[in-house]
1. Any residue in segment 176-198 that's within 16 Å of VAL134 (Cα to Cα) and aromatic (Phe, Trp, Tyr): show its pairings with residues that are part of a helix (DSSP H, G or I) and open to solvent by less than 40 Å² (accessible area, probe 1.4 Å) at Cβ separation under 9 Å, as long as the two are six or more apart or on different chains.
2. Does GLU57 fit the bill of being closer than 23 Å to GLY165 by Cβ and among the acidic types (Asp, Glu)?
3. Kindly provide the set of residues from segment 251-282 that are over 28 Å from the mean Cα position of the chain (by Cα), surrounded by 13 or more Cβ atoms within 10 Å (Cβ to Cβ) and outside any loop (DSSP other than H, G, I, E, B), ordered by number.
4. Name the single residue that is modelled with the lowest pLDDT among those in segment 273-288 being closer than 20 Å to THR320 by Cβ and of a type outside the set (A, V, I, L, M, F, W, C).
Amino acid sequence: MIGRNDPCLCGSGKKYKKCCLGKNEESLETLIGDELERIIRGIYEQPRMREELVQYEKHRDEWLNKLGQHWDEKSINVATTEFFLFVEQRQLWQQYIEDVLTTPLRDAVRSIVETWKEPVVLFGKVEGDQDGFVQVKEVLGEETFELEIGQELEKEKDVIVFGVGLRDARNGKNGLYTLTSFMFLKDVNQAFEKDVVNLVESSKLGASLAFYEKHMVDVYALMFDQDATSVDDLISTKLTEEQQEALTMIQEALEDVDAIAEVKELLQNIGITYFLKEKPRFRKPNVIAAAVFNVALDLQILGELSMTNREVAERFDVSTSSIKTHAERIRVFVEQMLAQTKAE
């Protein structure tokens with residue numbers, strides 16, 4: 001075994017600690033990570049009995065029925081599979097881990113895998129962050145877990161975290177390896193948290209795996225419902241009465257031209273974002289509503305629909321000159337917003 005002060009084997013002439021030691025440690029960390037990923041992938045490759053497949057399809061149909069309006073089918077399939085393997089049929093996972101532990105493993109890998117026998121369903125709230133990790137305190141329990149900060153994980157407090165994880169000491173004393181379907185939501189007025197707590201109390205099952213076996217899909221549904229109502233809460237709490245009235249006028253105009261749901265949602269988001277960021281001054285809500293509608297026509301957000309400036313002005317009972325005043329600024333804002341969305 002090469003010592004820290006021995007000449008490095010790469011032939012550089014430097015001591016090992018001054019040359020390849022750090023590289024080798026980084027390589028070892030990568031190897032451990034790859035091995036753990038391989039072990040997790042292995043559970044998905046296990047052969048399934050017919051009864052297991054039938055049970056899985058039953059869950060999948062239920063999840064598609066309850067979440068299909070909010071979530072794409074691929075994401076629902078992933079979440080259903082994780083629920084099935086790690087919660088509802090976790091004995092399959094536990095037996096698989098027992099089998100893995102009988103095979104040759106690095107000591108560092110073995111010490112982590114041994115903690116994987118009991119998956120963790122985390123319903124918690126972000127309390128802070130430190131050294132690249134966020135601390136998430138269980139809402140329904142006493143533990144605080146450390147999660148590595150990813151692009152999708154907001155570090156704000158009061159963000160609710162929900163999903164299945166595996167204990168991982170690489171991420172700290174109480175670190176957690178998050179599986180794919182982990183979800184993060186800024187909880188407006190703690191409404192989502194209260195809904196889940198009420199569901200736990202009414203179920204009489206407490207904060208147990210038995211609760212999640214029966215109601216995990218319902219927690220996801222509550223999350224999506226809260227995500228949808230968050231927009232309404234944002235409008236009612238952050239926008240002025242005039243701004244709210246302008247949004248209503250825009251939506252009424254979109255109804256009149258039979259705009260599709262995606263366009264209605266997009267223009268609503270554009271209106272909200274524009275009001276919050278730009279804080280435009282206007283005396284009449286119908287003027288700003290007309291300007292937004294006019295820009296949507298110009299940028300073909302409304303597809304092939306065509307209306308003249310005069311027709312738009314008449315529709316909103318304003319002058320064409322008043323539309324122009326706001327439309328120029330809104331157009332620049334919308335173009336930048338759409339460009340940023342495409343880049344992301």
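The values are calculated or read from the model by the stated rules, or taken from the named source; none is laboratory data. What you see is a predicted model; the values in this text were computed from it and never measured. In this analysis, Cβ positions are derived from the backbone assuming ideal geometry, glycine residues included, and neighbour counts consider all displayed protein chains. Keep in mind that these areas ignore ligands, DNA and RNA; they rest on the heavy atoms of the full protein, side chains included. Shrake-Rupley method; radii C 1.70, N 1.55, O 1.52, S 1.80 Å.
1. Note: pairs meeting the criteria are TYR177/LEU36; TYR177/ILE40; TYR177/ILE112; TYR177/TRP116; TYR177/ASN171.
2. Values: closer than 23 Å to GLY165 by Cβ: no; among the acidic types (Asp, Glu): yes.
It is false that GLU57 is closer than 23 Å to GLY165 by Cβ and among the acidic types (Asp, Glu).
3. Within segment 251-282, ALA253, LEU254 meet the criteria.
4. Step one: filter segment 273-288 for residues closer than 20 Å to THR320 by Cβ, giving 280-288.
When the remaining residues are screened for being of a type outside the set (A, V, I, L, M, F, W, C), the result is 280-281, 283-286.
Details: PRO280: 88, ARG281: 86, ARG283: 83, LYS284: 90, PRO285: 93, ASN286: 93.
Filtering segment 273-288 for residues that are closer than 20 Å to THR320 by Cβ and of a type outside the set (A, V, I, L, M, F, W, C), the one modelled with the lowest pLDDT comes out as ARG283.
Per-residue answers, yes or no, for (1) touching a helix residue (DSSP H, G or I) at 6+ places or on another chain (Cβ under 6 Å); (2) on the phi < 0 side of the Ramachandran plot; (3) at pLDDT 90 or above:
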{"residue": "VAL134", "(1), (2), (3)": "no, yes, no"}
{"residue": "GLU148", "(1), (2), (3)": "yes, yes, no"}
{"residue": "LYS157", "(1), (2), (3)": "no, yes, no"}
{"residue": "GLY163", "(1), (2), (3)": "no, no, yes"}
{"residue": "LYS186", "(1), (2), (3)": "no, yes, no"}
{"residue": "GLU201", "(1), (2), (3)": "no, yes, yes"}
{"residue": "MET216", "(1), (2), (3)": "yes, yes, yes"}
{"residue": "ASP225", "(1), (2), (3)": "no, yes, no"}
